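Presented below is the structure to which this report refers.
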Amino acid sequence: MHLAYPAVLAALLFCTGLYGVLARRNAILVLMSVELMLNAVNLNLVAFDVWLRDTLHAGQALTLFVIAVAAAEIGIGLAIVLMVYRDRGTSDVDRLRDSVESDATDAAAAESVAEAQAEAETEAAARAKARAKKAEATA
């Protein structure tokens, strides 16, 4: 068998996965697209292992390692997506990014408001002390 057939199939799988990562909004579909990309890499590893007639079968061994890492990645990724969905009510990647940016902006605004209030309280306390000193001086 020629090396071109699995290489073309792997390239198509990888491009499909890349499109899914770049174009999808749902976090679960993004994770599925990453899995497609990893499977394209696995296909290339096995195809080149067979083509080179490696006696150690290093490509196949590395493929098993990639499969194990992908299984861990999908398990942790789904757990994170479920926790975010429970917390925010959506798994839309764009909305999550916008909400994180707005949370940071809101936190910075709240911090500046708190600083302004503390400054105003300090100024008010200084004015009250000055009035008390004037009252003592006149009395």
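The values are calculated or read from the model by the stated rules, or taken from the named source; none is laboratory data. Because the structure is predicted, anything quoted here is derived from the model rather than measured. All Cβ positions, glycine included, derive from the backbone under ideal geometry; neighbour counts span all protein chains shown. Just so you know, the surface numbers come from the protein's heavy atoms only, side chains and all, with ligands and any DNA or RNA stripped out. Shrake-Rupley method; radii C 1.70, N 1.55, O 1.52, S 1.80 Å.
Laid out as a table, the results:
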quantity: The chain: angle of helix 93-138 to the longest principal axis, Cα-based, in degrees nearest 10; calculated: 20 degrees
quantity: Heavy atoms of Arg127: accessible area, 1.4 Å probe, square angstrom to 10; calculated: 130 Å²
quantity: Projected label distance in nm at Gln117 and Arg24, using a 7 Å step from Cα toward the beta-carbon; calculated: 4.4 nm
quantity: Fluctuation leader among Ala118, Ala47, Ala58 - the chain, Gaussian network, Cα springs under 10 angstrom; calculated: Ala118
quantity: Anisotropy class of segment 13-90 from Cα gyration tensor, a/c 1.5 cut; calculated: oblate
quantity: Alpha carbon convex hull of segment 1-137, volume per residue in cubic angstrom; calculated: 159 Å³
quantity: C-alpha long axis of helix 27-52 to longest principal axis of the chain, angle in °; calculated: 30 degrees
quantity: Phe48-Thr16 FRET efficiency (beta carbon distance; Förster radius 25 Å; 0.05 resolution); calculated: 0.75
quantity: Other-chain or far-sequence residues with amide H under 5 Å of Asn26's (modelled H); calculated: Val93
quantity: Accessible-area composition of the chain, carbon plus sulfur, in percent [1.4 Å probe]; calculated: 67 percent
quantity: Per-residue [θ]222 nm for the chain (sum of -39500 (n - 2.57) over DSSP H runs n ≥ 4, rounded to 500); calculated: -32000 deg cm²/dmol
quantity: Degrees separating the helix 58-88 axis from the principal Cα axis of the chain, which is the longest one; calculated: 30 degrees
quantity: Residue-normalised accessible area of the chain, expressed per residue, 1.4 Å probe, Å²; calculated: 74 Å²
